Amino acid sequence: MYAKFRTVASILVIAEFTIPLLAALTLKRIVDEPTVLTKNMKFVYAGLALTAGVALVMALMPSMMGPFVSEQERQMLSGIQGMTPDVQNTMLSSIATMRSAMVSSDAWRSIIVIIIGVAMLLLYKAQKIKPLYLIIGISALCLIDLWQVDKRYLNDDMFVPKSERDTPQQATATDMEILKDKSLSYRVLNFSSGAFNENNTSYFHKSIGGYHPAKLRRYQEMIDKYIAPEMQAGMQAIGIKGGVMSEVDGRKLFPVLNMLNAKYFIVPLQGNATTQLQNPYAQGNGWFVDKLTYVADANAEYAEVGKIDVSHEAVADKKFEAVLGNTQANDSTASVVLTKYEPNSLTYTVNSAKGGVVVFSEVYYPGWSATIDGQPAELGRVNYILRALNVKAGKHEVVLDFHPTSISTTETIAYVALVALLLAICAALYVEWKKQKVAKE
């Protein structure tokens, strides 16, 4: 997905440079050769009919650009507790009406810009305005149009004082206490607010929750089937035990949260205050499993996660059997220690007497690669969402890295295209310079 985004972005950047360049070269030719406009007026009228005509249809019938409400938005509203179907339909109708009006308004604005631009060309053709005024007029028209659109995305309300910019989110006393833990990587789960509808926690910590409109499907499925029920059961038990985590049966109540290394829980107190509780059952950054079961497919893997002891067992799709192989029980001396952490590169020291399958508390995603003592190794997926690797007995350095070839390929294409564009500009300038030189001779 990221690579696709980079490709689209590269195309847009190239278009952003190319279209104004072509427009400028066209305007220059019209000014240098006034007769070219007279000879090609049919193309001007055709362009007017095509662009203004399409804009007029959009202005009069904006519903053609619909639907203006996505299925995801419908599902989001339907999931809000206490909202009746009538209220949902009213809100969806209002959103659709507002967006339809925006399309119509933009279409009318485009028609006005097109007509003014063509009018300037006709005035120039009739020798009513000088070339300089034509250039100034067209430039001003483009600037005003761009300014109006750009102000929607970057306006005065978006600028804030430097002090607010530097400290956009204030750490609570609870945040400060958690931040005293200098471990390289652990996760925090906030029970005091909608864990999956807020991002304050993610500003200071690696959060189990957080909000983003585009979620990994597998993680969302884990939230729905396992994480949300575990949160409910865990919060109830914590309340009953008065926050004494040693008396809460965490291995049974929230095993998936443990395998996601939820080391700290933020829980609410009276008066909108919060406090932190350390989860003694969090499984850390990685661990050896004593048993690995292979199932028919991902659906079976998903269902089986809730039936195993994830602290000692794992379940995997059988398509990863050739990658992960078999595992065996290790004693308490087996260890997996995270020694270096970066968002796209993690280094572990793995030590065991017998070797086997190591499960990492990191989400499995295509593009991640692994090395063991510098030699390439293939990652597998276990427990529906986590990475796993078969590591032989002894002490080894394991590196998980995210530098997919799709990104470098996209960057190469973008840079080649930009270089080609610059060469084309230089060639055009050279040809124009040669023409001017010949004309003077």
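The values are calculated or read from the model by the stated rules, or taken from the named source; none is laboratory data. All values derive from a computational prediction rather than experimental measurement. No Cβ is skipped: glycine too gets one built from the backbone with ideal geometry, and neighbour counts run over all protein chains shown.
Residues of region 315-335 that are loosely packed, with under 13 Cβ neighbours inside 10 Å, aliphatic (A, V, I, L, M) and either closer than 16 Å to G286 by Cα or in contact with an Asp or Glu (Cβ under 6 Å, 6 or more places away or on another chain) (or both): A329 alone.
Every residue, every condition in (1) assigned to a strand (DSSP E or B); (2) closer than 28 Å to N299 by Cβ; (3) assigned by TED's automatic domain parsing to the domain that holds V350; (4) among the aliphatic types (A, V, I, L, M), yes or no:
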{"residue": "P376", "(1), (2), (3), (4)": "yes, no, yes, no"}
{"residue": "R381", "(1), (2), (3), (4)": "yes, yes, yes, no"}
{"residue": "Y384", "(1), (2), (3), (4)": "no, yes, yes, no"}
{"residue": "R387", "(1), (2), (3), (4)": "yes, yes, yes, no"}
{"residue": "T409", "(1), (2), (3), (4)": "no, no, no, no"}
{"residue": "I413", "(1), (2), (3), (4)": "no, no, no, yes"}
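From the residues in region 293-313 that are within 29 Å of the chain's Cα centre (by Cα) and under 12 Å from V382 (Cα atoms), which one is surrounded by the fewest Cβ atoms within 10 Å (Cβ to Cβ)? Ranking the qualifying residues of region 293-313, first place goes to D297. Counting only helices (runs of 4 or more DSSP H) that sit completely within region 1-95, zero hold 3 or more residues that are at pLDDT 85 or above, among the acidic types (D, E) and surrounded by 13 or more Cβ atoms within 10 Å (Cβ to Cβ).
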